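The values are calculated or read from the model by the stated rules, or taken from the named source; none is laboratory data. The structure displayed is predicted, hence computed values, not measured ones. With ideal geometry, Cβ positions are generated from the backbone for all residues, glycine too; neighbour counts draw on all protein chains shown. To get the accessible areas, we keep the full protein, side chains included, count just its heavy atoms, and leave off ligands, DNA and RNA. Shrake-Rupley method; radii C 1.70, N 1.55, O 1.52, S 1.80 Å.
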Amino acid sequence: MLLPVDSVSWGCLERVADPRINRRKRHKLVDILVIALCGFVAGCEGWVDVELFGISKRKWLEKFLELPNGIPSHDTFGRVFALLDPQQLARVLRQFVQTVTGSLEGEAVAIDGKTLAGSGESTTAKEALHLVSAWATQHGVVLGQVATADHSNEITAIPRLLQLLDVRGATVTIDAMGCQKEIARQVRDQGADYVLAVKGNQKNLEKAVQFQLGRGHSKLARSKLKTREKNHGRMDQRTYTAMAAPSSVTRHWPDAQSIVRVCRETIDGHGKKTKEVRDFLSSLPPQVERLATLIRGHWGIENRLHWSLDVTFNEDQSRIRQGHAAENAGLLRRLALSILKQDTRYSDSLRCKRLRAGWETSTLEHFLLIFAGN
């Protein structure tokens, strides 16, 4: 039996440190945070939207929020989230996903970055914000987020993100930017395995892997798996080849146990064929079915997270830029998306779930109870 929303404790939000000076506190911080989170769940894309949402839902919000001076203005929302330390909201996100996932043992954790295109400003030469996220593939939640100046700084952001997570027993999958000896060592030191894409940024490794996988004959046994999928009129055939990592690899990557090649052949609706070959390095044994699942699952961070943020939450069009506001808005979107992903009551798309939440108070209450763990 679900508890009524007015009995929900906002403990994790109440513990967020208020960045404002006392004389500027006309609205309680927890009220601001709850209204903003509800707004982002219910379809809001910016602070003006959140203010209008709060005004339209004021009677409902008054059931469980104090609102001593009514609904904050959009300027207030913008100012507070510009000042708020993103680590505070990131902690809320991690506390929520901890209740969803528990231990990450057996989970695939995909790490990848995404640039918020609209967060930069050419007139002030302000760079667009780049966020590196960890995505729990099976559970469909964002485990954590770290901001960096640009895509090239993912190498420094990934270790910071890993430090925030307890990945013991999980398998961490990272694209080629994260194929670094130090990152691989950190993953292993934290008790996890890794699957890393191999490209030209590690030339010696790339040459060794390509040479071994490209040989027609080898003393090392190979295992293969073929899959075929038809999506949107396009046929995809993938051939996975896995084998034990040769000595030319393990002398520099001592924890590596296997190398994998994925050959993808695509035939579009007009009969045009394209081919793509990608290689991977892993600390797992060369079990091709397991490795194929992990490699295929990594792209869930693109298809289920980044695509949803752009298409459903319109993230790339957001012009939120002031202070920490862009990063905090990114955290709110990822928290809202993770909440919606845990819903099993409605079979609607994410877009329709957000519409329902905006239209139906009962639906929004249901999503809030998911967040509160009830």
* Asked: Under a point spin-label approximation (7 Å from Cα along Cα-to-Cβ), what is the residue 60-residue 278 distance to one decimal in nm?
  -> 4.0 nm
* Identify, among 89, 325, 350, the residue whose Cα sits farthest towards the positive end of the charge dipole of the chain, taking +1 on the Cβ of Lys and Arg and -1 on the Cβ of Asp and Glu, with the dipole about the Cα centre. => 350
* Asked: Just how much of residue 346 is accessible, in Å², when a 1.4 Å probe is used and the result is rounded to the nearest 10?
  -> 40 Å²
* Structure fact -> Expected unfolding gain across residue 22-residue 210 under the 0.36 nm per residue rule, minus the alpha-carbon gap, is 61.5 nm
* Charge dipole magnitude, Cβ of K and R +1, D and E -1 - region 48-187, Cα centre, debye nearest 20 -> 320 debye
* Asked: Leaving out ligands, DNA and RNA, what percent of the accessible area of region 229-294 is carbon and sulfur, probe 1.4 Å?
  -> 47 percent
* Asked: What is the extension gain from residue 289 to residue 270, computed as 0.36 nm multiplied by their sequence separation minus the C-alpha to C-alpha distance, in nm to one decimal?
  -> 3.7 nm
* Structure fact -> Output ordering of 62-69, 27-34 (per-residue mean of other Cβ within 10 Å, highest first) is 27-34, 62-69
* Distance in nm between label sites at residue 168 and residue 360, each 7 Å beyond Cα in the beta-carbon direction? -> 4.2 nm
* Asked: Say the dipole of the chain comes from +1 at the beta carbon of Lys and Arg and -1 at that of Asp and Glu; which of 171, 292, 241 then lies farthest toward its positive end?
  -> 241
* Structure fact -> Applied in sequence order to region 27-39, the curve 6.51 cos²θ - 1.76 cosθ + 1.60 (Karplus, θ = phi - 60°) yields integer Hz couplings, x standing for Gly and Pro, of 10, 5, 4, 5, 4, 4, 5, 5, 4, 5, 4, 4, x
* Asked: Which one of 259, 101, 336 is farthest out on the positive end of the charge dipole of the chain, using unit charges on Cβ (Lys, Arg +1; Asp, Glu -1) and the Cα centre as origin?
  -> 259
* **Mean residue ellipticity (222 nm) of the chain, computed from DSSP H runs ≥ 4 via -39,500 (n - 2.57), nearest 500** => -11500 deg cm²/dmol
* To do: For residue 237 paired with residue 85, estimate the spin-label separation in nm (one decimal), with each label point 7 Å from Cα along the Cα-to-Cβ line.
  => 5.7 nm
